[in-house]
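This report refers to the structure that appears directly beneath it.
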Amino acid sequence: MPITEGSVEFWSHGWDHKRWTTEDGRERRQFSGTGYKHQKTHFEQSQALMKKMLGTAPVAFGSPYNPMDTNTVKVMTEDPEIQLYFGYGKDKVPGKLLAPMLLKGEGGWHRQAKL
């Protein structure tokens, strides 16, 4: 199918795509276990940059490495421009449409595949 004008969709995928392990061994992702302020700042930075570069803010969001927590839900709920989010259905976001993820994605499917 040829690409025609207006057929490309950009969606938000966070600000810095980082993951790390704390000194006490807990795993952290940009939108999992990092607190409301961290997530709100990273979410807003990403939305603002995309709006500046594209002329419009994205209406869809998918968290890096796929996890999200109650703070992510709150941040997305507060943003009127986000209408859809990618996820596995575990976390419900009031007023937003879930685009179910069928593959494990960045969470490790590529490491499990026999190439």
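Nothing in this text is a laboratory measurement; each read-out follows from the coordinates by a stated rule. Here the structure is a predicted model, which is why all the values come from computation and not from measurement. Note: ideal-geometry Cβ built from the backbone for every residue, glycine included; neighbour counts use all protein chains shown.
Full extension of the chain segment joining R28 with K92 gains 21.0 nm, where the gain is 0.36 nm per residue of separation less the Cα-Cα distance. Available extension along the chain between V8 and L49 is 13.0 nm, counting 0.36 nm per residue and deducting the alpha carbon span. Net charge in the neighbourhood of A57 (other residues with Cβ under 12 Å of its Cβ; Lys, Arg +1, Asp, Glu -1) is -1. Residues in the range 83-91 carry Karplus couplings, in order, of 10, 9, 9, 8, x, 9, x, 5, 9 Hz; the curve used is 6.51 cos²θ - 1.76 cosθ + 1.60 with θ = phi - 60°, and Gly or Pro positions show x. Extending 7 Å from Cα along the Cβ direction at D16 and again at T77 yields two label points whose distance is 2.7 nm.
Per residue, the Cα convex hull of the range 19-112 amounts to 116 Å³.
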